[in-house]
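Working notes for the structure below.
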Amino acid sequence: FEKHREEITNAHILLSFTYAMQPGAFSISAADLLGVLPNQTDPLNLLETNPSTLYSSIPIQLKNPKSFASKLKSILAARKESNIAEGELIAIPATPHPGTLLLLHRLPSSRFIQLLAINFGRTKVSEVIEIPEITQTTAIDMMTKLAEEKVFSSARFSFSLPPLSARAFYFQPKYYD
């Protein structure tokens with residue numbers, strides 16, 4: 001278990017990001033926030049009195065920017081700011097990579113296009129999408145708020161995804177610092 005702790009945590013963040021950056025409801029339990037693992041003697045019972053946990057208490061996690069709770073806090077802030085919960089799925093672009101999922105959403109108030117890109121595979125992938133609606137836009141990474149490399153007048157956007165990772169971008173007509 002200990003040698004896989006980081007991999008399990010990264011997968012947990014990947015799944016949380018994947019669900020949080022899509023329209024609709026998103027919820028997380030206290031067991032998720034602590035990374036509660038089932039008791040080894042009874043793998044179906046999560047309510048054992050001494051379950052093991054992946055993560056420390058929430059106050060301790062929030063002091064560490066690399067913890068699950070801190071990363072989730074950032075994800076939820078980006079979700080709220082973009083109002084993706086009220087968005088709508090508009091397309092699922094094809095990709096040549098079998099472990100990659102691309103979802104296009106329209107954000108409700110700004111009407112910007114949002115791209116959610118998830119790499120469930122164990123190798124890095126490079127993607128190129130072409131979407132007429134992103135012509136005359138700048139690509140912004142939803143987590144960093146930084147502009148990504150994209151020709152403003154182009155309908156094409158290229159990006160990379162490390163193994164077992166996800167990114168979300170929105171496309172706005174003009175980028176302001």
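The values are calculated or read from the model by the stated rules, or taken from the named source; none is laboratory data. Keep in mind it's a predicted model, so treat the numbers as computed, not measured. Glycine also receives a Cβ, built like all others from the backbone with ideal geometry; neighbour counts cover every protein chain displayed. These accessible areas exclude ligands, DNA and RNA; they are computed on the full protein's heavy atoms, side chains included. Shrake-Rupley method; radii C 1.70, N 1.55, O 1.52, S 1.80 Å.
Counting just the residues of segment 10-34 that are touching a residue at least 60 places away in the same chain (Cβ under 8 Å) and over 22 Å from Asn83 (Cα atoms), which one comes out least open to solvent (accessible area, probe 1.4 Å)?
Restricting to residues being touching a residue at least 60 places away in the same chain (Cβ under 8 Å) and over 22 Å from Asn83 (Cα atoms), the top hit is Ala11.
Take segment 129-174 and flag every residue that is of a type in the set (Ser, Thr, Tyr) and out of contact with any strand residue (DSSP E or B) (no Cβ under 7 Å at 6 or more places or on another chain).
Thr135, Thr144, Ser153, Ser154
Give all pairs with beta carbons closer than 7 Å in which a residue from segment 99-119 that is small (Gly, Ala, Ser) meets a residue that is assigned to a loop (DSSP other than H, G, I, E, B); count only pairs at least 6 apart in sequence or on separate chains.
Every condition considered, the pairs that remain are Gly99/Phe120; Gly99/Gly121; Ser109/Asn83.
Looking at (1) touching a Ser or Thr at 6+ places or on another chain (Cβ under 7 Å); (2) over 24 Å from Glu7 (Cα atoms), which is the one condition that is false for Ile140?
So Ile140 meets the others, but not (1).
Considering only residues of segment 150-177 that are outside any strand (DSSP E or B), in contact with a Lys or Arg (Cβ under 9 Å, 6 or more places away or on another chain) and among the hydrophobic types (A, V, I, L, M, F, W, C), which is modelled with the lowest pLDDT?
Phe152
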